[in-house]
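**Student:** Input: one structure, supplied below.
Readers should treat all values here as calculations from the given coordinates under stated rules, not as data from a laboratory. Bear in mind the structure is a predicted one, so any value in this text is a computation, not a measurement. For neighbour counting, all protein chains shown are included, and Cβ atoms are generated from backbone atoms with ideal geometry for every residue, glycine included.
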Amino acid sequence: MPRSIFRPARAAFFGAILAASFGALAGSLIPVSKVVPEFPREAQLASVDKGHVKARLTLDAKGEVTRVDIVDANPRRVFDRAVVRSLSQWRYEPGPADRSVEVDLDFKLQ
């Protein structure tokens, strides 16, 4: 199982995710393993201190993420790369292939 790349020392410098809420398109799916996205350095350099991203994950039968689509983002394209990189490492319980789950992530610089 992948380990989280979230490091508290780095989080203090770069910021962290404040909240994440999870909702499935058909029923509720809860991740069994997640990697928390880091607050992008590029966002901090651009004076962006908060944001929101909604992503849709497609899962295979083993519960692995096969696709991450950004549904909505504010500001646009600032957090997308960090979100795709981390959410692609999330794992869910095995089940039917091609399940989808939507994830809302709120970023705030700490």
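**Student:** Per Stokes-Einstein, at 25 °C and 0.890 mPa s, what whole-number D in µm² s⁻¹ belongs to region 29-78, with the Kirkwood radius over Cα pairs as the hydrodynamic radius?
**Tutor:** On the way: Rh = 12.8 Å.
Result for D is 192 µm²/s.
**Student:** Which three extents, in whole angstrom, do the alpha-carbon atoms of region 17-108 cover along their principal axes, largest first?
**Tutor:** So the three principal-axis extents are 42, 19, 19 Å.
**Student:** If you take the charge dipole of region 17-108 about its Cα centre, with +1 on Lys and Arg Cβ and -1 on Asp and Glu Cβ, which of 101, 70, 43 is farthest toward its positive end?
**Tutor:** Checking the options against the dipole of region 17-108, the answer is 43.
**Student:** What is region 19-110's relative contact order, in percent, from Cα pairs under 8 angstrom and six or more apart in sequence? Don't skip to the end; give the middle numbers.
**Tutor:** Values: 195 pairs, mean separation 41.5, N = 92.
Normalised by residue count, the contact order of region 19-110 is 45 percent.
**Student:** Only sites in a loop by DSSP and with at most 13 other Cβ atoms within 10 Å count here; which trypsin sites (Lys or Arg not before Pro) in region 28-101 make the cut? Don't jump to the answer; show the numbers that get you there.
**Tutor:** On the way: sites: 34, 41, 50, 54, 56, 62, 67, 76, 77, 81, 85, 91, 99; in loops: 34, 62, 76, 77.
When the trypsin sites (Lys or Arg not before Pro) of region 28-101 are filtered for loop state and at most 13 Cβ neighbours within 10 Å, 62, 76, 77 remain.
**Student:** Around residue 99, which amide H atoms from residues at least 5 apart in sequence, or from another chain, sit under 5 Å from its own amide H, with H modelled in the peptide plane?
**Tutor:** When sequence neighbours closer than 5 places are left aside, the close amide H contacts are 59.
**Student:** Amide H of residue 67 versus every other amide H placed in the peptide plane: which residues, excluding those fewer than 5 positions away on the same chain, fall under 5 Å?
**Tutor:** Result for residue 67 returns 58.
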